[in-house]
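The values are calculated or read from the model by the stated rules, or taken from the named source; none is laboratory data. Computed from a predicted model, the values in this text were never measured in an experiment. Cβ sites come from the backbone with ideal geometry, for glycine too, and all protein chains shown count toward neighbours.
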Amino acid sequence: MAPIAVGDALPDGTLAWFDENDQLKPVSVHSLAAGKKVILFGVPGAFTPTCSMTHVPGFIESAEELKSKGVDEILLISVNDPFVMKAWAKTYPDNKHVKFLADGSASYTHVLGLELDLADKGLGIRSRRFALLVDNLVVKVANIEEGGAFTISGAEEILKAL
């Protein structure tokens, strides 16, 4: 399956997250993105070094600036269960804007065409590292990394595109 690209419609899918009241909820991607400008970014795994120390903090630290440029939602997805995503989110006490969404079985990652097979590292099927800028369900920017690289999917690259 070809990876999602600029001009594509963002497919719908159901992810899991813990809401503001700490309740586990299924949430449709379209319910978060329809009629809005959103950033959807994905990482190979919760608590992994590049994801935890660079990728996610970049979006948290840039959230106010991203919002000031018209971004309504900043959505993080990872192929982890929602309890892991909840625990990971708690390691960022200053986060006010990034939603940590779980794609536990990689089903939404598969629909996006962004699977990364890390079985040889003991991690199974994960997500490629990516950042999408989506406006009313249409992909405007698709920064998709090769392998484990981290060069084009950070907050600073999305800021340049806004």
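In the set Leu32, Leu15, only one residue is in contact with an Asp or Glu (Cβ under 6 Å, 6 or more places away or on another chain) and either in a helix (DSSP H, G or I) or at positive phi (or both); that residue is Leu32.
Every residue, every condition in (1) in a helix (DSSP H, G or I); (2) in contact with a His (Cβ under 6 Å, 6 or more places away or on another chain); (3) buried (at least 20 other Cβ atoms within 10 Å of the Cβ); (4) not small (Gly, Ala, Ser), yes or no:
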residue	(1), (2), (3), (4)
Ile77	no, no, yes, yes
Phe83	yes, no, no, yes
Val134	no, no, yes, yes
Gly148	no, no, no, no
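Every condition in (1) at pLDDT below 95; (2) on the phi < 0 side of the Ramachandran plot; (3) in contact with a Lys or Arg (Cβ under 8 Å, 6 or more places away or on another chain) holds for Ala106 except the one numbered (2).
Considering only the range 47-63, state which residues are touching an Asp or Glu at 6+ places or on another chain (Cβ under 9 Å) and surrounded by 16 or more Cβ atoms within 10 Å (Cβ to Cβ). Of everything in the range 47-63, those that are touching an Asp or Glu at 6+ places or on another chain (Cβ under 9 Å) and surrounded by 16 or more Cβ atoms within 10 Å (Cβ to Cβ) turn out to be Gly58, Ile60, Ser62. Restricted to the range 64-75, and to residues that are touching a residue at least 40 places away in the same chain (Cβ under 8 Å) and in a loop (DSSP other than H, G, I, E, B), which residue is surrounded by the fewest Cβ atoms within 10 Å (Cβ to Cβ)? The selected residue is Gly70.
Condition check ((1) in contact with a helix residue (DSSP H, G or I) (Cβ under 9 Å, 6 or more places away or on another chain); (2) of a type outside the set (Val, Ile, Thr)) across all residues:
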site	(1), (2)
Gly42	yes, yes
Gly45	yes, yes
His55	yes, yes
Gly58	yes, yes
Ser62	yes, yes
Ser68	no, yes
Val79	yes, no
Met85	no, yes
Pro93	no, yes
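Test Thr91 against the stated conditions and say whether it is within 23 Å of Glu145 (Cβ to Cβ), surrounded by fewer than 20 Cβ atoms within 10 Å (Cβ to Cβ) and modelled with pLDDT under 95. Spelling it out, it is not the case that Thr91 is within 23 Å of Glu145 (Cβ to Cβ), surrounded by fewer than 20 Cβ atoms within 10 Å (Cβ to Cβ) and modelled with pLDDT under 95. Report yes if Lys67 is farther than 22 Å from Phe18 by Cβ and out of contact with any Gly (no Cβ under 6 Å at 6 or more places or on another chain), otherwise no. Taking the combined requirement at face value, the residue does not satisfy it.
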